[in-house]
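Structure record follows, encoded as structure tokens.
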Amino acid sequence: MSDLIQTFVNGLMLGSVLALVAVGLTVIYGVVDIVNFAHGEFVMAGMYATFVASSQFGFDPLLAMPVSAAVVGLIGVLSFFTFVRPAMRGTLLSQIFVTFGLMIFMRGVAQTLFGSNFETIQGAWLSSQRITIGDIVMPGPQLAAAVGSLVCTGAIGWFIYRTTTGKALQATSQDPDAALMMGINPNKMFGLAWLIGGASTGVAAALVANYQPVHPNVGLAFGLTAFVIVALGGFGSIGGAFLAAFAVGMLENFSAFYGDSAYKQVWIFGLFILVMLFRPQGLLGRA
Amino acid sequence: MNVNGLPQGSSVWGMVRQYLPWVLFLGFFALYPIVFDSPSDHTLGIKMMWFAIAATGWNMLGGFAGQISLGHATFFGVGAYAVALADEYEWNPWLAMILGMGVAAIIAVIIGWPVFRLKGHYFTIATIGTGEIAFLLVRNSEFLGGTEGFLMRSDEGFLNFYWGGRQKWEFYYLGFVLLLLAVVSTVMISKSRMGYYLQAIRNNQEAASSLGVPIAKYKQLAFIYSAVFVSIAGSYFAQQLQFAGPDEAFSLDTSIRITIIAVIGGVLSKWGPMIGAIVFLFLSEWTNIRFGGNGFDLVIFGFIVMVMAAFEPNGLIGLGNRFAHLLEKAKS
Amino acid sequence: MLLEINDLKVTYGGAIALNGVSLNIERGEAVGLVGSNGAGKTSLFKAISGIVPAEGSITFDNKDLLALKAHEVPSLGLAHVPEGRRLFPRLSIEDNLLLGGSSTHVVDQSDFDRVYKLFPKLLERKTQLAGTLSGGEQQMAAIGRALMSRPEILMLDEPSLGIAPVLVEGIYKAIAQLRDEGQTILLAEQNVMECLEVCNRTYVLQTGQVVTSGPSDELAENDEIRKAFLGI
Ligand SMILES: Nc1ncnc2c1ncn2[C@@H]1O[C@H](COP(=O)(O)OP(=O)(O)OP(=O)(O)O)[C@@H](O)[C@H]1O
Ligand SMILES: [Mg+2]
């Protein structure tokens with residue numbers, strides 16, 4: 001029984017982190033109408049930023065969080081204004097290839113700068129912390145990642161749903177031409193979406209770097225999982241992505257608990273394809 | 001009036017433009033092993049062949065029909081594992097390759113059923129999904145060699161689909177024949193009704209559908225075609241390397257590589273994948289020698305793909321066409 | 001002259017939508033623009049708003065509009081109520097209104113009050129998502145949203161399109177009221193009667209050209225013009 005509860009708690013903790021990564025992806029898609037195939041690599045970049053801040057400058061990963069957010073946010077904004085914006089005027093092929101190219105580029109840069117080894121952050125303050133309730137163990141890094149992600153996701157939600165700029169962002173996503181007629185500068189909104197998408201992913205990355213080693217291909221699993229979550233939740237839907245992230249977090253943990261953990265991604269993609277078959281607009285998406 | 005059957009005036013230029021690529025490409029590929037005459041050059045040439053075959057196959061679906069798949073490693077893997085299993089159980093590799101083509105076609109139908117219900121980005125993501133599922137299933141299957149894959153030990157000779165050492169040029173020319181097969185069938189398809197339909201689907205699926213183009217059927221046909229040729233490339237690859245493993249054959253990296261090759265060359269032209277194969281090979285070898293195999297090639301490829309997507313979606317072929325237009329303008 | 005348009009040309013690919021249109025509006029005037037389907041009304045509006053590129057000249061308050069980006073136009077004092085209303089469907093009425101003014105100035109309660117006074121119905125519905133409103137309510141919200149930017153000139157593109165006659169009456173009442181308060185208005189319509197009634201002057205547009213123009217009552221009384229251009 002306590003095994004089940006432990007698995008459930010693990011699912012919650014994982015789901016919370018995945019939610020933050022996926023919300024970044026879905027904000028970009030919702031506003032800019034481009035799928036960021038490099039999103040996993042955004043996580044990778046943030047983890048490396050955290051690793052460098054910690055190994056070179058002695059920051060604790062928790063303190064490196066703003067650094068990671070700034071680095072990845074900047075990567076997002078820069079890629080938008082250099083390549084994504086011109087590609088938006090092109091065909092669907094251009095729109096897919098541009099972030100596909102970014103993904104390859106970022107992996108290449110990581111390999112060139114850091115090599116292909118696994119790098120682990122040493123001596124993070126959190127790694128020696130843990131909370132135990134009965135038989136249930138919540139290691140410090142994972143718990144902090146979950147809580148931090150929830151807070152950050154909440155902040156993004158507050159910004160988008162409660163502030164005027166956030167509403168302008170929604171307006172651009174719902175009807176870009178009408179937003180333009182209201183004097184909302186679309187490029188500013190697009191850039192802002194990439195900034196939010198990048199920075200929030202950077203926060204998630206710094207949190208994850210507390211307990212997971214970084215290497216140039218670490219983004220792959222995050223990116224794929226985030227795609228699945230965003231597709232399940234309905235592209236562009238923040239609430240949908242949030243719920244789907246927990247569903248995927250649970251699925252990942254329970255499938256590993258009951259079966260072979262090597263297959264956990266098979267379950268996730270299987271679920272994805274099933275949902276695509278019967279509800280292509282996602283769980284909360286609009287048809 | 002044509003004198004002596006020669007087309008007159010400006011159409012000579014047209015003829016040149018039509019046939020020049022054939023002469024250039026086929027000439028280049030035909031002469032390559034003669035000009036670059038060492039087993040290691042031939043190994044590179046063989047690599048170039050399987051790049052070109054795989055990218056040509058991919059391009060029928062990705063370029064001509066405009067359905068960007070990032071899951072074609074599955075078919076590459078099927079081809080590779082077909083001959084690897086043949087080696088394991090001592091069947092004939094040729095038969096295995098043909099069997100692999102059939103399996104690839106069947107898998108394309110099975111995968112096509114769910115993924116073609118999706119369009120655009122969704123389709124691409126779904127193909128990543130099917131590719132990863134196949135990868136994980138193979139990696140975790142005892143029967144399919146698990147994470148290790150298969151080391152092969154073919155004897156040399158035509159019947160064994162293998163030549164090593166000084167005889168490698170024969171292997172190269174076999175690849176050349178397979179590539180010709182892929183290109184000629186691509187040309188035939190692109191000139192047929194199917195080519196016309198695929199173009200309509202790429203340009204505007206809704207419009208094509210309202211004009212009565214059976215979209216699902218033709219997408220599926222394009223998928224089968226591309227799966228079959230990518231599986232041929234996979235068989236050829238495994239025979240040459242004498243190895244088939246999940247990370248080399250079934251992984252997303254393989255899908256990505258096939259896609260990069262087509263994109264760099266230009267997805268709207270049958271020559272794009274071939275240019276892409278040449279350039280890809282050249283650049284990756286060059287960066288390997290110059291910078292060591294540390295991922296700098298990815299930096300370059302990623303950058304090229306971004307630039308192409310943003311400014312010249314039809315790749316190097318598109319750049320070439322622009323250049324040719326400029327020349328023609330300057331002439332007149 | 002508040003708005004002055006000279007020899008305006010708009011083309012889509014090869015197709016000509018506007019072929020040398022000239023038009024001007026004085027402060028405080030209500031000017032109509034009538035014409036059948038495809039005459040070019042919407043194209044003219046979009047050219048003014050900078051959404052489609054155009055040749056010729058458009059000056060507003062002595063400023064060259066064609067040199068501006070589309071998103072810079074509203075803060076000069078032009079508000080565009082687009083054809084088909086184009087509200088943000090998944091934002092509330094209140095938020096739609098807010099965004100109408102937020103990029104031109106700091107919105108305060110008096111902006112909302114003005115709109116709610118004109119369309120009390122919107123106050124009742126202010127938290128409802130715009131996409132769930134009826135067509136007539138959406139039109140009110142769209143006009144209200146445009147008013148939030150405190151425009152010098154209010155441009156309305158076919159406000160009666162697809163709306164039940166009873167509701168059209170209410171909307172035109174509001175437009176007349178705005179006119180009486182001194183709001184400058186440019187109104188495009190296929191609904192000739194309503195347009196002539198509410199506007200001081202009217203231009204008749206046909207296949208991208210102004211075929212006639214003049215005070216609305218003169219146009220309405222001229223039998224030839226009525227038969228040839230207005231179809232009434
Ligand atoms: N985006 C576009 N692309 C191509 N042609 C267009 C486009 N928009 C308008 N047109 C053409 O330009 C011409 C003028 O259209 P416009 O929409 O300005 O007319 P309108 O007077 O507003 O018509 P309606 O009363 O039906 O709204 C028409 O022939 C139309 O087909
Ligand atoms: Mg119109």
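The values are calculated or read from the model by the stated rules, or taken from the named source; none is laboratory data. None of these values were measured; they are calculated from a predicted model. Counting neighbours? That spans all protein chains shown, and the Cβs are built from the backbone with ideal geometry, glycine included. These area figures cover heavy atoms from the full protein model, side chains too; ligands, DNA and RNA do not enter into them. Shrake-Rupley method; radii C 1.70, N 1.55, O 1.52, S 1.80 Å.
Decide, for the stretch B:1-120, between rounded, prolate and oblate: order the square roots of the alpha carbon gyration tensor eigenvalues as a ≥ b ≥ c, take rounded if a/c falls under 1.5, and otherwise choose prolate if a/b is larger than b/c, else oblate.
Oblate, since a/c reaches 1.5 and b/c is not below a/b.
From the phi angles alone, apply the Karplus equation (6.51, -1.76, 1.60; θ = phi - 60°) to the stretch A:113-123 and give each ³J(HN,Hα) in whole Hz, x where the residue is Gly or Pro.
Listing the rounded values in order: 6, 10, x, 9, 6, 7, 10, 10, 7, 9, x Hz.
Mind checking which of A:G30, A:G259, A:G223 has the largest fluctuation in a GNM of chain A, springs on alpha carbons under 10 Å?
Greatest mean-square fluctuation among the candidates belongs to A:G259.
Just grab the label-to-label distance for C:E55 and C:K117, each label 7 Å out from Cα along the Cβ direction, in nm (one decimal).
Label-label distance for C:E55 and C:K117, simple model: 4.7 nm.
Using protein chains only (no ligands, no nucleic acids) and a 1.4 Å probe, work out which residues of the stretch B:122-141 have their accessible area cut by at least 50 Å² relative to the chain alone.
B:Y122, B:I125, B:E132, B:I133, B:L136, B:N140
Place +1 on the Cβ of every Lys and Arg and -1 on the Cβ of every Asp and Glu in the stretch B:38-331, take the dipole about the Cα centre, and give the residue among B:P93, B:A52, B:A309 whose Cα lies farthest towards its positive end.
B:A309
What number comes out for the charge environment of A:G101, summing +1 per Lys or Arg and -1 per Asp or Glu over other residues with Cβ under 13 Å away?
-1
Taking the Cα centre as origin and putting +1 on Lys and Arg beta-carbons and -1 on Asp and Glu beta-carbons, what dipole magnitude results for the stretch C:69-160, to the nearest 20 debye?
160
Considering the Cα trace of the stretch C:1-146, what is its radius of gyration and what is Dmax, both in angstroms?
Computed over the Cα atoms of the stretch C:1-146, radius of gyration and Dmax are 16.6, 47 Å.
What number, in percent, do you get for the relative contact order of chain C if the mean sequence gap of Cα pairs under 8 Å and at least 6 apart is divided by its residue count?
27
Across peptide B:308-316, how many C-beta atoms of other chains are within 10 Å of each residue C-beta, on average?
So the per-residue partner count for this stretch is 6.
Once you've got the GNM for chain A with C-alpha springs shorter than 10 Å, pick whichever of A:Y48, A:Y161, A:Y258 has the biggest mean-square fluctuation.
Of A:Y48, A:Y161, A:Y258, the Gaussian network model singles out A:Y258 as fluctuating most.
Can you list the DSSP H helices in chain B whose Cα atoms extend at least 30 Å along the helix axis and whose mean Kyte-Doolittle hydropathy is 1.6 or higher?
B:93-115
Please list log₁₀ I(q)/I(0) at q = 0.10 Å⁻¹ for the protein assembly as shown, using the Debye equation with identical point scatterers on the alpha-carbon positions.
Debye curve over Cα of the protein assembly as shown, log10 I(q)/I(0) at q = 0.10 Å⁻¹: -1.14.
Remind me, relative contact order of the stretch B:38-331 in percent, using alpha carbon pairs under 8 angstrom and six or more residues apart?
34 percent.
Is there a quick way to get the dipole size of chain B? I mean about its Cα centre, with the Cβ of Lys and Arg at +1 and of Asp and Glu at -1; what is the value in debye to the nearest 20?
In total the dipole reaches around 1420 debye.
Could you pull out every one of the lysines with an alpha carbon less than 24 Å from that of C:K126, ignoring same-chain neighbours closer than 8 positions?
Straight-line reach from C:K126, under 24 Å: A:K167, C:K117, C:K173.
With axes computed from alpha carbons, what is the tilt in degrees of helix A:164-174 against the longest principal axis of chain A, rounded to the nearest 10 within 0 to 90?
70
Order of B:141-151, B:318-328, C:21-31, C:53-63 by packing, highest average Cβ count within 10 Å first?
C:21-31, C:53-63, B:141-151, B:318-328
Give me the accessible area per residue for the stretch B:38-331, probe 1.4 Å, as a whole number in Å².
Heavy-atom SASA per residue in the stretch B:38-331 reads 39 Å².
Using a ≥ b ≥ c from the Cα gyration tensor of the stretch B:38-331 (square roots of the eigenvalues), is it rounded, prolate or oblate, where a/c under 1.5 gives rounded and otherwise the larger of a/b and b/c decides, a/b for prolate?
Note, shape of the stretch B:38-331 comes out oblate.
Report, in degrees rounded to the nearest 10, the 0 to 90 angle that the Cα long axis of helix C:93-102 makes with the longest principal axis of chain C.
With both axes taken from Cα atoms, the answer is about 60 degrees.
Summing +1 for each Lys or Arg and -1 for each Asp or Glu, what net charge is found among the other residues whose Cβ lies under 12 Å from the Cβ of C:S43?
+1
How crowded by other chains is A:271-282, given as the mean number of beta carbons from other chains within 10 Å of each beta carbon?
Mean inter-chain Cβ contacts per residue within 10 Å come to 4.
Residue by residue through the stretch A:82-87, which ³J(HN,Hα) values in whole Hz follow from phi under the Karplus form 6.51 cos²θ - 1.76 cosθ + 1.60 (θ = phi - 60°), with glycine and proline marked x?
In residue order, the calculated couplings are 7, 10, 5, 4, x, 5 Hz.
Quick one: what do you get for the stretch B:7-70 if you divide its Cα Rg by 2.2 N^0.38 Å?
Relative to the rule-of-thumb radius for its length, the stretch B:7-70 sits at 1.54.
Which order do the peptides A:164-177, B:60-73 come out in when sorted by mean C-beta neighbours inside 10 angstrom, highest first?
Ranked by mean Cβ neighbours within 10 Å, highest first: B:60-73, A:164-177.
Rounded, prolate or oblate: which fits the stretch A:57-160 when a ≥ b ≥ c are the square roots of the eigenvalues of the alpha-carbon gyration tensor, with rounded for a/c under 1.5 and prolate only if a/b beats b/c?
prolate
Using a 1.4 Å probe and counting only protein heavy atoms, how much accessible surface gets buried when A and B come together, both sides summed, in Å² to the nearest 100?
Buried: approximately 4000 Å² between B and A.
Sequence gap at least 6, Cα distance under 8 Å: using those rules, report the relative contact order of chain A to the nearest whole percent.
Once divided by the residue count of chain A, the mean separation gives 37 percent.
Sort the following peptides by mean Cβ neighbour count (other Cβ atoms within 10 Å, averaged over residues), highest first: B:182-193, C:130-141.
C:130-141, B:182-193
First select every other residue whose beta carbon is under 14 angstrom from the beta carbon of C:V204; then total the charges, Lys and Arg +1, Asp and Glu -1.
+1
Would you mind working out the magnitude of the charge dipole of the protein assembly as shown relative to its Cα centre, with +1 at each Lys and Arg C-beta and -1 at each Asp and Glu C-beta, to the nearest 20 Debye?
It comes to approximately 800 debye.
Could you work out the helix-only [θ] at 222 nm for the protein assembly as shown, with each DSSP H run of four or more residues adding -39,500 (n - 2.57) and the total divided by the number of residues, to the nearest 500 deg cm²/dmol?
-20500 deg cm²/dmol
What FRET efficiency comes out for the pair B:A330/C:N6, r = Cβ-Cβ distance, R0 = 35 Å, nearest 0.05?
Given R0 = 35 Å and the Cβ-Cβ separation, E is 0.35.
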